[in-house]
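The values are calculated or read from the model by the stated rules, or taken from the named source; none is laboratory data. Small disclaimer: the values here were computed from a predicted structure and weren't measured. Here Cβ is always computed from backbone atoms with ideal geometry, including for glycine, and neighbour counts include all displayed protein chains. Side chains included, ligands, DNA and RNA excluded: accessible areas come from the protein's heavy atoms. Shrake-Rupley method; radii C 1.70, N 1.55, O 1.52, S 1.80 Å.
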Amino acid sequence: MQSKPRLLTILDIVTLLLFVVAVGMVFFYAPLEAVMGQVQRVFYFHVANAWVGMLGFLVAAISGAGLLIKGDPKWDIAGIAAIEISFVFFFIAIVSGSIWARGTWGTWWTWDPRLTSAAIVELLYAAYFMLRQGIEDPDRRARIGAIYAILSFLSVPLTFISIRIFRTIHPVIIGSGAATAQGSFDMTTKMLQTFMFSLLTFSFIFADLLWHRIRLGRLAVETETLRLKTLQ
Amino acid sequence: MELLPKAENRVRRKSLMPGVGQFLRTLGAIIWKDLATELRSRELLSAMLVFALLVILIFNFALELDAQARATVTAGVLWVTFAFAGTIGLNRSMAMEKDRGCLDGLLLAPVDRSAIYFGKAIGNLIFMLIVEAIILPAYSVLYSVNLFKPGLLLVILLGSTGYVAVGTLLSSMAVQTRTRDVLLPILLFPLVIPVMIAAVKASMGYLQGSDILDIRPWLNLLLVYDVIFIAAAFMVFDYVVEE
């Protein structure tokens, strides 16, 4: 078994430092939003979490394509790693959004199209885990998982488009939102800096976790081979 | 030297035409096989139909489909019914291939594998359209709503195409798992959400006589979905059935 690479240790430390700074910026650097108050601070990590969620699904779709073209199992390890991480982060994005909605809209959950589509995306990837669980042969599991990851990734933009045709009350901070959006605000420079920094931090967290998870996946494969060898 | 490319062209043109011809013949043979099996057993269509009628009856009690409610929920009720009945059909049609080793036979045949996918998909689409062709008049009579609007029929065709294109691919994936019957709807429904939303909205638009400008975005979305997923299924089907 290889020991932990030094670069990974450095990445761990950098990520941790970035995260501490990001938390500090969210609470002490970013100004208080005039209308919504403290609850608006959820926004920075909420969007960052959703960003990591989407990033992971992109990585999984690319790994899926890689697996189908090259047939190398290492792509499968990367794919499942990315989806596992994103699944959790996207869930945090939904929960943190819910907390924000309680403060701003006055309800934990509404059947707003944007929220609904987020829930659908989360279910899509829950289905991915169930699909993988049902297949025993590792090669087939990798192949079929890869195909499902690609199909899911294709359908997500369409789900979002179908949602955009509806009028949504979810605010759009970046780009222009619908006139019916509730809880929208303009970002000041300091807010924008905090926001961008959160995105950067969470991208680092994603990269760090992905690396760890890929190592874990490789170790799992190694243990499995060793176990089979001992049994023979 | 100048003769070489010409000769190459001639060889290619020769091999291309029989390729297309053979593809179509394979396609026809697979569709015909499915239809003939169904004609003799009638197990798939009858199951889908009875199930679809039951779903509509349950909706009748669950939603209190009085005249006022009907105006707004008809499109939703119809599409949920089609989706549920479609799942039954998809599951059965692929399980039949798997159980009797028919799929292995098909895969052993020296034909283009995408022809197998398209054959199965078109077969499933035909079954789904037959069920819809029976459900629509039945619904019209039961609830005295006029459902025969060309726009609505177009939406049903586009929506069913997208549903079946993804559904056939996913059912060929689901039969390879331990929990296959349970898994198909779980895999399929979140993926076809865009179809469902667009189809329900467009159907509702036609039923309520909305302006075509309001319906057009939904029709476009249906078309885009169909094209993207038929292309994707065409590309990945080889990997699904690979042994």
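Worth a mention:
- Qualifying positions in region A:114-149 - in a helix (DSSP H, G or I), hydrophobic (A, V, I, L, M, F, W, C) and closer than 22 Å to B:Arg178 by Cα: A:Leu123, A:Leu124, A:Ala126, A:Ala127, A:Phe129, A:Met130, A:Leu131, A:Ala142, A:Ile144, A:Ala146, A:Ile147, A:Ala149
- Only one of the listed residues (B:Ser210, B:Ser203, B:Ser160) is more than 19 Å from A:Ile144 (Cβ to Cβ), over 17 Å from the mean Cα position of the chain (by Cα) and open to solvent by less than 40 Å² (accessible area, probe 1.4 Å). That residue is B:Ser203.
- Test for A:Ala50: is it within 30 Å of A:Trp105 (Cα to Cα) and either open to solvent by 10 Å² or more (accessible area, probe 1.4 Å) or at pLDDT below 90 (or both): yes
- Some residue of region A:34-46 being of a type outside the set (Phe, Trp, Tyr), open to solvent by 30 Å² or more (accessible area, probe 1.4 Å) and within 30 Å of A:Glu222 (Cα to Cα): no
- Just so you know, in region A:14-33 the residues that are touching a residue at least 40 places away in the same chain (Cβ under 8 Å) and open to solvent by 20 Å² or more (accessible area, probe 1.4 Å) include one that is farthest from A:Ser203 (Cα to Cα), and it is A:Glu33.
- Residue match in region B:207-214 (condition: in contact with a Leu (Cβ under 6 Å, 6 or more places away or on another chain) and assigned to a helix (DSSP H, G or I)): no
- Residue under evaluation A:Glu84, criteria (1) modelled with pLDDT of 90 or more; (2) within 13 Å of chain B (Cβ to nearest Cβ); (3) open to solvent by 60 Å² or more (accessible area, probe 1.4 Å), criterion not met: (2)
- Listed by first and then second residue, the pairs linking a residue in region B:227-241 that is facing chain A (nearest Cβ under 7 Å) to a residue that is of a type in the set (Asp, Glu) and assigned to a helix (DSSP H, G or I), with Cβ atoms under 9 Å apart and 6 or more places separating them unless they lie on different chains, form an empty list.
- Filtered residue count, region B:213-226, keeping only those that are facing chain A (nearest Cβ under 9 Å) and closer than 25 Å to B:Met173 by Cβ: 3
- If you go through region B:169-189 and pick out every residue that is out of contact with any Ser or Thr (no Cβ under 8 Å at 6 or more places or on another chain), open to solvent by less than 20 Å² (accessible area, probe 1.4 Å) and part of a helix (DSSP H, G or I), you end up with 6.
- Selection from region A:135-147 of residues that are within 7 Å of chain B (Cβ to nearest Cβ) and buried (at least 19 other Cβ atoms within 10 Å of the Cβ): A:Ile135, A:Arg143, A:Ile144, A:Ile147
- Candidate set: region A:90-103, residues that are more than 11 Å from A:Gly53 (Cβ to Cβ) and open to solvent by 40 Å² or more (accessible area, probe 1.4 Å); chosen: the one farthest from the other protein chains (Cβ to nearest Cβ): A:Gly103
- Residue tally, condition part of a helix (DSSP H, G or I) and either surrounded by fewer than 19 Cβ atoms within 10 Å (Cβ to Cβ) or touching a Gly at 6+ places or on another chain (Cβ under 6 Å) (or both), over region A:66-80: 8
- So B:Leu125, is it open to solvent by 10 Å² or more (accessible area, probe 1.4 Å) and part of a helix (DSSP H, G or I): yes
- Yes/no for B:Val195 being facing chain A (nearest Cβ under 9 Å) and either closer than 26 Å to B:Arg113 by Cβ or part of a helix (DSSP H, G or I) (or both): yes
- Inside region B:106-120, residues that are modelled with pLDDT of 85 or more and open to solvent by less than 40 Å² (accessible area, probe 1.4 Å) make up a count of 6.
- Residues located in region B:130-157, provided they are open to solvent by 10 Å² or more (accessible area, probe 1.4 Å) and hydroxyl-bearing (Ser, Thr, Tyr): B:Ser140, B:Tyr143, B:Ser144
- Meets criteria (more than 18 Å from the chain's Cα centre (by Cα), at pLDDT 90 or above, part of a helix (DSSP H, G or I) and not aromatic (Phe, Trp, Tyr)) for B:Pro137: yes
- Close pairs from region A:69-93: first farther than 17 Å from A:Arg218 by Cβ, partner of a type in the set (D, E, K, R) and part of a helix (DSSP H, G or I), Cβ under 7 Å, at least 6 apart: A:Phe90/A:Glu122; A:Phe91/A:Glu122
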